[in-house]
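**Q** Next up is a structure, given as structure tokens.
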Number of protein chains: 2
Amino acid sequence: MRKNLLALAALSLSVSYSSVAVAQHSGAMTLEEGADKVLTADTLAWDFVEGITTEVGPRQAGTEAEQRGRDWAVKWLRQNGFENVADEPFMMETWVPGALASAEITSPFPQPFEVTPLGGSASTGTDGIEAEVVYFKTIAELSAAPEGSLKGKIAYISHSMTPTQDGSQYGFAGPARWVGASIAQSKGAVASVIKSIGTDKHRNPHTGGTRVVDDMIPAGALSIPDALNLERMFARAGDRPITMKLVLTPQNRGMTQSGNVVGEIVGRDPSLPPVLLACHIDSWWNGTGAFDDGAGCGIISAAALHVSHTGQPLRTIRVLMAGAEEVGLFGSIAYSKAHIDEPIAVAFESDFGADRIWRFESNFRDTNPDLHAELAASVARFGVANSTIVASGGADINIARDQKTAIIDLQQDGTRYFDLHHTPDDTLDKIDIVQLRQNVAVWTQIAGILANYEGSIQGEVAQ
Amino acid sequence: MRKNLLALAALSLSVSYSSVAVAQHSGAMTLEEGADKVLTADTLAWDFVEGITTEVGPRQAGTEAEQRGRDWAVKWLRQNGFENVADEPFMMETWVPGALASAEITSPFPQPFEVTPLGGSASTGTDGIEAEVVYFKTIAELSAAPEGSLKGKIAYISHSMTPTQDGSQYGFAGPARWVGASIAQSKGAVASVIKSIGTDKHRNPHTGGTRVVDDMIPAGALSIPDALNLERMFARAGDRPITMKLVLTPQNRGMTQSGNVVGEIVGRDPSLPPVLLACHIDSWWNGTGAFDDGAGCGIISAAALHVSHTGQPLRTIRVLMAGAEEVGLFGSIAYSKAHIDEPIAVAFESDFGADRIWRFESNFRDTNPDLHAELAASVARFGVANSTIVASGGADINIARDQKTAIIDLQQDGTRYFDLHHTPDDTLDKIDIVQLRQNVAVWTQIAGILANYEGSIQGEVAQ
């Protein structure tokens, strides 16, 4: 309790809430009771994601909007009792989408389409580019196109993608976005558009990063209904060429400042390596970043607080709300670089929406089987299955991979994730509070066990 | 068969398809067999709606796009064997949405919202209007606001709306759109925005007509997620005013030409009053008019052809694809004015999407109970229930109401209709071909009985 008493003496009332809470609740509830209570009663995760989506909204990396998001998170963490709250700055190359985004079929079936620029896209200029569209059903078809064959053309790249609980079809369909534009550019294309990487049928295109190359071309994503319409046009056009006018006006702003927001529930023995809970604070500009990743930041912060409400943990629990994840993991890289010499005991991240956790994975099942089994057993009552899959961690815990330390993945149900991913539809109303609370309960249970674990979480690793 | 032989001789091969079909199929299938076959095998309705949404897309009334839609429909009707196909022109006051539509909360929680102009809205000018927003939970609350109390303000009007199978909550929630702007204007507001009249949670605002008054103000609809966000802002803002910058740039183009597309399956006795099947060919600019009302035009046209495939009907079946329905029923009014002296035997319309028909209604249950009962019984096998509700007909059959003749309503399932209504999401992918075919089967059955009915469909009406 030494730490708590010191904290009470040293900190202002608003800042010391968690310490007060620890003092009041220590011993009053077991960790299991705390996690069970969260399942029906948590209000913290919702308060975070409701607050940041309402009071800040979109938080494009490196912009003033992301800065407001970080400021908001810093304030929220302090008000809710986190200690050592900081916004750790780093510099980044900042891309912004610009004001104009339109696509229009000009012949033979004139009609407007919904389009959005991909992160890293070049600008067409405000006058746009009008050119014939060449249709590729897959990225493999595009790759097989002869050199120079797309000179003066717009490449349209389709793909197949179905909803999957584990999100695995993102890896199957994603290359159309990740490398489609750069391959099209290498064949001479003046621009490229893809069918949005998504599983919905709404006129809301999915953005997302694309590989940037020298002499980058404008690169957009059509909404899925528009992409399907374009494919029907090819079926109906016969020998007539299909021409599109594309206007995308992204800009590169050069180096601007972003930052990583951190905060701690300080443990009884701060000399022990901390437990790191991660999410990202930035979002794409087109949605409010509710599912991606306001919910994740709410889940991890609420869980850390709920652990503290069952007693001050042995180890410090640190939350990391990484900046600039969407545009290239800049925050994760900066955090690892800045803190590589400070060992992390274990790290895990929430960044796959707010639907229920269904599977537990670690990377220490072989090296610390007892702890792995204890953790898996502890969340079975929440419907979370054990797994032999080796956890590799999310985008924001580069530091754990760089340190080769313990990693956990709490896999969320991604069945509807790619309906919303990187679209204007990523808004608060998509969050189901019952499932959100199940996430917080599972995180509370897992983080609580880990933060009170005395030995090496990873166990004995031979290397 | 006289008529058929004449038609074969007089018409080109492509135009005479239906006559050929009649000659080939007459007597080969009963009407019941024909309707049953449609249930699993119709391709005509899909061909129409797939074609017009792909080759034309949005068809805003009074514009060149609607003209292309009418031209496309004329060609389709001729190619599929309709006779007396025409585009009957009329003049109308034409409103267009303009190029810009944006809404942005400027204080205390800056973020962009999705907005669309309502049909009839005035322009804010390209510089927009920035003003404090005043929140009204219902149209009744707005109506109760003191005179002059909205001077210099933007009124925000919310409402409650839930999905209903019969679409009845459109009447409950609709006034917020229909009269909200005009009431706000009367209290001094400089602009108004409503929560979209809809039941979805997508960032796709629902447009639709609003009452136009002298000194009309700019009037927009926020997407439902944005409207919910605005309401949360009011809950979080305390005493701080919420200000919005609104940019809407609609234009009035003055008088332009629209038209009603008509075509006929000519009956064995063309002197008998025809059976009128109606839909509308225009759509709002923001979607492709698949559910509203490309599907309806496909359903009625397919049904007329399927009736002819079971033998030339006694009465002529006329299809009316009305122009300019969305913006004020201009086509329906023009059609009635032009044809008021030509008696219609019975009229019915398809304009409520493409989901299954679940209820049969007529306005002659009392005056011709045997026919009403026969019609209701004939579609029971398709899951369509009889009803005592008196049919009043859809928007495009003004002529039937003006002539006080027989009307039928084939009620479609509207549960998801207001997810899509007047939004960018009104696209082909929303149409379920199984349900679309059920519509065509029911229409074929009903239209076939009526077109072969010898007596007065309405029965003896005392007036």
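**Q** For the rotation that brings chain B onto chain A, whose beta-carbon in chain B is nearest the axis, and what is that distance in whole angstrom?
**A** That would be B:202, 3, residue then distance in Å.
**Q** Same structure again: Taking the label point 7 Å from Cα in the Cβ direction, how far apart in nm is residue A:99 from each other copy of itself, listed shortest first?
**A** Label point to label point, same position, other copies: 1.0 nm.
**Q** When you look at the Cβ of every residue in B:203-210, what mean number of other chain Cβ atoms sits within 10 Å?
**A** So the per-residue partner count for this stretch is 2.
**Q** Now, a different point. Quote the charge dipole size of the range B:249-339 about the Cα centre in Debye, to the nearest 20; the model charges only the Cβ of Lys and Arg (+1) and of Asp and Glu (-1).
**A** Around 260 debye, computed over the range B:249-339.
**Q** So for B:404, A:201, B:195, what's the accessible-area order with a 1.4 Å probe, most first?
**A** B:404, A:201, B:195
**Q** Right, next: With unit charges on the beta carbon (Lys/Arg positive, Asp/Glu negative), name the residue among B:120, B:198, B:395 whose Cα is farthest towards the positive pole of the charge dipole of the protein assembly as shown.
**A** My answer, from the dipole projection, is B:120.
**Q** Taking the Cα centre of the protein assembly as shown as the origin and placing charges on Cβ (Lys, Arg +1; Asp, Glu -1), which of A:189, B:306, A:378 is farthest toward the positive end of the dipole?
**A** A:189
**Q** Between residue A:251 and residue A:79, how many nm apart are label points set 7 Å from Cα along the C-beta direction?
**A** Placing both labels 7 Å along Cα→Cβ, they lie 3.3 nm apart.
**Q** Just in the range A:356-463: which GluC sites (Glu not before Pro) are loop by DSSP and have at most 12 other Cβ atoms within 10 Å?
**A** A:454, A:460
**Q** May I ask you to derive the FRET efficiency for residue A:40 and residue B:385 from their Cβ-Cβ distance with R0 = 41 Å, giving the value to the nearest 0.05?
**A** 0.45
**Q** For residue A:107 and residue B:140, FRET efficiency with R0 = 35 Å and r from the beta-carbon atoms, rounded to 0.05?
**A** With a Förster radius of 35 Å, E is 0.10.
**Q** Under 13 Å from the Cβ of residue B:227, count the other residues' Cβ atoms, weight Lys and Arg +1, Asp and Glu -1, and hand me the total.
**A** For residues surrounding residue B:227, the net value is +1.
**Q** Same structure again: Within the range A:99-252, what percent of beta bridges assigned by DSSP are antiparallel, to the nearest 5?
**A** 55 percent
**Q** Excluding residue B:319 itself, what net charge comes from residues whose Cβ is under 14 Å from its Cβ, given Lys and Arg +1 and Asp and Glu -1?
**A** Neighbour charge sum, excluding residue B:319 itself: -4.
**Q** Further question on the same structure: Where nothing but the Cβ of Lys and Arg (+1) and of Asp and Glu (-1) is charged, how large is the charge dipole of the protein assembly as shown around its Cα centre, in debye to the nearest 20?
**A** About 200 debye.
**Q** How many nanometers, to one decimal and shortest first, lie between the label point of residue B:152 and those of its other copies, if labels sit 7 Å from Cα toward Cβ?
**A** 5.9
**Q** Let me make sure I get this right: for the range B:322-463, a, b and c are the square roots of the gyration tensor eigenvalues over alpha carbons, sorted descending. Under 1.5 in a/c it's rounded, otherwise prolate if a/b > b/c, else oblate. Which is it?
**A** oblate
**Q** Under the √(5λ) rule applied to the eigenvalues of the Cα gyration tensor, what semi-axes describe the equivalent ellipsoid of the range A:160-216? Give them in Å, descending.
**A** Values for the range A:160-216, descending: 23, 12, 9 Å.
**Q** Can you give the local net charge around residue A:142? Use residues other than it whose beta-carbon is closer than 14 angstrom to its beta-carbon, Lys and Arg +1, Asp and Glu -1.
**A** That sum, taken over residues with Cβ under 14 Å, equals +4.
**Q** Also: Rounded to the nearest 5, what % of DSSP beta bridges with both residues in the range A:185-323 are antiparallel?
**A** 35 percent
**Q** Can you check what the Kirkwood hydrodynamic radius comes to for the range A:99-252, Cα pairs only, in Å to one decimal?
**A** Computed over the range A:99-252, the radius equals 15.1 Å.
**Q** Give the residue from B:260, B:335, B:60 lying farthest towards the positive end of the charge dipole for chain B; charges sit on Cβ (+1 for Lys and Arg, -1 for Asp and Glu) and the dipole is referred to the Cα centre.
**A** Toward the positive end, the furthest listed residue is B:60.
**Q** What does the copy distance list look like for residue B:231, label position 7 Å along Cα→Cβ, in nm and ordered from shortest?
**A** Nearest first, the other copies' label points are 3.7 nm away.
**Q** Right, another one. Quickly work out the residue A:314-to-residue B:429 label distance, labels modelled 7 Å from Cα along the C-beta direction, and quote it in nm with one decimal.
**A** 5.1 nm
**Q** Sticking with this one: Could you give the C-alpha radius of gyration of the protein assembly as shown expressed as a fraction of 2.2 N^0.38 Å, taking N as the number of residues it contains?
**A** Against the empirical 2.2 N^0.38 Å value, I get 1.06 for the protein assembly as shown.
**Q** Let me spell out the model: positive unit charges on the Cβ of Lys and Arg, negative unit charges on the Cβ of Asp and Glu, origin at the Cα centre of chain A. What dipole size does that give, in debye rounded to 20?
**A** Dipole size: approximately 400 debye.
**Q** Any chance you could run the full-extension gain for residue A:165 through residue A:239? It's 0.36 nm times the residue separation minus the Cα-Cα distance, nm to one decimal.
**A** This chain segment gains 22.5 nm when fully extended.
**Q** Nearest 5 percent is fine: what portion of the DSSP beta bridges confined to the protein assembly as shown is antiparallel?
**A** Once the DSSP bridges in the protein assembly as shown are tallied, antiparallel ones form about 60 percent.
The values are calculated or read from the model by the stated rules, or taken from the named source; none is laboratory data. What you see is a predicted model; the values in this text were computed from it and never measured. No Cβ is skipped: glycine too gets one built from the backbone with ideal geometry, and neighbour counts run over all protein chains shown. In case anyone asks, the SASA skips ligands and DNA or RNA and just uses the protein heavy atoms, side chains included. Shrake-Rupley method; radii C 1.70, N 1.55, O 1.52, S 1.80 Å.
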